[in-house]
Ligand code: SF4
């Protein structure tokens, strides 16, 4: 693990440093926020603790996307209450989506919590904890992200989980209104990060030896909409190349806005970056320019995560997704035709309120036609405050959902197995993540360019190495291969063994 600290430790060296533990719930966006939280706490002189029990400061970075998020959080907080009584100096903070939603309610239900901060207040977490030591419990929830690009949370210190791969936030919030989703309510409207700032962060990462970056946003394909508006509202809008990218600002007849494709190309051309991934594009906004950039830029990995959610046009309309199954499949076909050996993954919800057997059959048909490499399949669970949650009269009975879920699992696993078995006998480039969790010390895990998990028996591999493997076996969720040769040594400076997850 690397530590990128931008301010000196606040504690004196004579003191035993306080320790912290961040527990993350939810998506990559939350995991990246946790990296920032860890970076901030380390900048204050705290050191990481292995677990909650041994930490002086415990931070729960919460998510309200998953089912029963409230119960899990308050259950965890209940367990910590006794621990805190035994260790009076201990502090507890709650941040993330659930904190944004519940606000003061967190302190009402768990008054032993020291700080509550929202999704736009990550940068103040360490400060709030410090203030709570003298002034008592602190709550800070901003309604939306800071308007000024300079205040974007990207400037925070980061403690990266993997030294050779990094998430890079390009956008926060979302302007869509999918009926099942709480994100727009808790993360606010879409705000794009300035173009040049993203490229600068990627250059800095490359200089430290990071070889893979994943661009993160709720709807990456709408990147830049707000930037163009900002730039055009100024008289001297061409001077906004920092915000919108030099190419867009300098064009004789500029397009309506800088595109995600422009950013993808700029990042892919940063020297030292060999793999660029992104998540997630909304199918309605997947533009031909993005596909072209994927096809032509060598560093952009041939993997597209394109959330389907449902194969029924009726359900897609109820979900307010803005596309039909036909349109989705056309865009997928265009991407497959353009990008060689493209792996495609998706998200599908089973049992959306009002989903009939006929609707679900359409989902099975579309999933079979899409031939996914893998799919995250979810059972619909109502998120309080969403349109879908209010449609209680249309809820699908649990036993019907369970049966449909199993049928969908079989369809997806069939295509995943077929696609993985088709790779047997081929050589693949694998970026080594670390020793495999199972299989003993001589088994390593890593990812191919298509983001496939591979296990390989070898000796002396190190995290961050790029190796060639011969695929010998394909299962629905992973490949097994034979080590062939080392293609590249790790480039990052600190070599600390990590366990692959
Ligand atoms: Fe939620 Fe839809 Fe926005 Fe994705 S695109 S974050 S599902 S509202």
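What follows is calculated from the coordinates using simple rules that are stated; it is not laboratory data. Remember, predicted model here, so these are calculated numbers, not experimental data. Cβ: placed from backbone, ideal geometry, glycine included. Neighbour counts: every protein chain shown.
A few notes on this one:
- Taking packing as the residue-averaged number of other Cβ atoms within 10 angstrom, the listed peptides 406-412, 55-61 run from highest to lowest as 55-61, 406-412.
- Burial order of peptide ranges 274-280, 93-99 (average beta-carbon count within 10 Å, highest first): 93-99, 274-280
- When each of the peptides 373-386, 202-215 is scored by the mean number of other C-beta atoms lying within 10 Å of its residues, the order from highest to lowest reads 202-215, 373-386.
- Counting 0.36 nm for each residue step from residue 127 to residue 207 and taking away their Cα separation leaves a gain of 25.8 nm.
- Each label point was placed 7 Å from the Cα along the Cα-to-Cβ direction; for residue 196 and residue 406 their separation is 5.9 nm.
- Neighbour-count order for 292, 104, fewest beta carbons within 10 angstrom listed first: 104, 292
- Sorting 290, 134 by the number of Cβ atoms found within 10 Å of their own Cβ, with the fewest placed first, yields 134, 290.
- Per-pair calculated FRET efficiency, R0 = 51 Å: residue 51 and residue 327 via Cβ, rounded to 0.05: 0.60
- Nearest-0.05 FRET efficiency for residue 269 and residue 16, computed from C-beta distance (R0 30 Å): 0.05
- Of 27, 174, the sequence from fewest to most neighbouring Cβ atoms within 10 angstrom is 27, 174.
- Simple spin-label estimate for residue 418 and residue 484 gives 2.6 nm between the two label positions (7 Å along the Cα-to-Cβ direction from each Cα).
- Between residue 427 and residue 83, the modelled labels are 4.9 nm apart [label points 7 Å from Cα along Cα→Cβ].
- Gain in span if fully extended, residue 320 to residue 338, counting 0.36 nm per residue against the direct Cα distance: 3.6 nm
- Rounded to whole Å, the principal axis extents of the Cα atoms in region 379-501 read 59, 34, 24, largest first.
- Using a cutoff of 8 angstrom between alpha carbon atoms and counting only pairs six or more residues apart, the relative contact order for the chain works out to 10 percent.
- Considering helices alone, the calculated mean residue ellipticity of the chain at 222 nm is -10000 deg cm²/dmol, with DSSP H runs of length four and up weighted by -39500 (n - 2.57) and normalised per residue.
- Shown here: the chain, whose C-alpha atoms stretch 61, 61, 59 Å along the first, second and third principal axes, sorted largest to smallest.
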